[in-house]
Amino acid sequence: MKKEQTVANTVLFYCEEALRHDTGQYHPESPLRMKALWLAFEEHGLEAPLVRPEPATEADLLRVHTQAHIDTIRTCCLDGVRYPDPDTSMGADSWNAALLSAGAGITASRKVMAGEFDNAFVMMRPPGHHAEADHAMGFCLFNNIAIAARWLREAGGVSRLAILDFDVHHGNGTQNAFYDDDTVLYVSLHEYPHFPGTGFPYERGKNDTNINIPFAPGSAPEAWLDAMQDTAVPAVEAFQPEVLLLSVGFDGHPRDPLGHQQLMPEHYATMTRMVKHIAAGRIVSFLEGGYHPTALGECAVSHVRALME
């Protein structure tokens, strides 16, 4: 990978601290995910400039999370206190990784809005879209995409933005962060019934700026593509966002152990191409799920290649 270039079409945000977030043996959200991504990029000859993110500040986190939540995560990471959610593991190095993962979205958003490059893929962990204002869950400590969106609205000069989430799990934390905020459109395509048990179509938010599109287990890829073409993309286009943020989970692949969908790498590429024209191409994509190493790598390659086109 090329490093620290500032003018390019697509840029990757990553740093090695993402590997140091230790979730314990056999946890699906492990450092092996990052290693699988790099291996896939190398095998497929995918090259893009690489930029090290800046860590989020406490003020950045407070735009989305309560002080009590931030303090709890800091204590659990740095003092070795066990977090009450057994699915959401963390260790001493998780605090720094979480700050960098949250800060990567802000760094990428700032550079995209400044025109330094067209779009970005935030390739960090821990992921974020399940994290609520006052608690962690679903492998997520802080809500990275919500933190970036709040920065864009409150500090980045953006009046309206859209978040499109096509992880196999509903982004409950992101939905709740903007449910009463009609300057942010949230659209989620996800499996239901499935963790976390949220994401009903009747959950519409303020002025219908919350759109949920659930799919039954085993849905055909064509159902996802049709929903993108007929519902998700027109809704985002009509909203006319100044920037588009993507929560991208590759756990819709049939080999993923935590999903029950049939999305292949080419389908992720197609969904990415469907939105590339929105917001004049100003897109920041955030890695969320994807827990089969080979499938994760292949799908991510297809997604990034589509961003680079």
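Key figures for this structure:
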| quantity | calculated |
| --- | --- |
| If the convex hull is drawn through the Cα atoms of segment 228-272, its volume per residue in Å³ | 81 Å³ |
| For the chain, with +1 on Lys and Arg beta carbons and -1 on Asp and Glu, the positive-most of Thr23, Gly115, Phe41 along the dipole | Gly115 |
| Cα-based Lys proximity count in the chain, under 24 Å, for pairs eight or more positions apart or on separate chains | 6 |
| At R0 = 51 Å, FRET efficiency that the Cβ-Cβ distance of Tyr26 and Gln240 yields, to 0.05 | 0.65 |
| Förster radius 41 Å - calculated FRET efficiency between Asp180 and Arg255, Cβ distance, rounded to 0.05 | 0.60 |
| Chain lengthening between Ala223 and Glu309 when straightened (0.36 nm per residue, less Cα-Cα) | 28.5 nm |
| Between segment 216-240 and segment 86-138, the alpha-carbon center distance in angstrom | 25 Å |
| Set of segment 200-232 residues, backbone N closer than 19 Å to the point 7 Å along the Cα-Cβ line of Glu266 | 219-229 |
| Loop-located trypsin sites (Lys or Arg not before Pro) in segment 70-170 whose Cβ has at most 14 other Cβ within 10 Å (DSSP) | Arg82 |
| Shape of segment 155-309, Cα gyration tensor, a/c cut at 1.5 | oblate |
| GluC sites (Glu not before Pro) restricted to segment 20-57 and DSSP loop, no more than 16 other C-beta within 10 Å | Glu47 |
| Calculated FRET efficiency for the pair Asp79/Arg273, C-beta based, R₀ 41 Å, to 0.05 | 0.35 |
| Estimated distance in nm for a label pair at Ala133 and His44, the labels positioned 7 Å out from Cα along Cα-to-Cβ | 3.8 nm |
| Loop chymotrypsin sites (Phe, Trp or Tyr not before Pro), segment 188-285 (other Cβ atoms within 10 Å of the site Cβ: 10 or fewer; DSSP) | Tyr202 |
| Backbone HN-Hα couplings from phi across segment 176-193 [Karplus 6.51/-1.76/1.60, Hz, Gly and Pro as x] | 5, 5, 10, 4, 9, 10, 8, 8, 10, 8, 10, 10, 10, 9, 7, 7, 8, x |
| For the chain, the Rg and Dmax computed from alpha carbons only, in angstrom | 17.3, 49 |
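Read-outs throughout are calculated quantities, based only on the coordinates presented, and are distinct from any laboratory measurement. Predicted, not measured: the structure shown is a model, and the values here were computed from it. All Cβ positions, glycine included, derive from the backbone under ideal geometry; neighbour counts span all protein chains shown.
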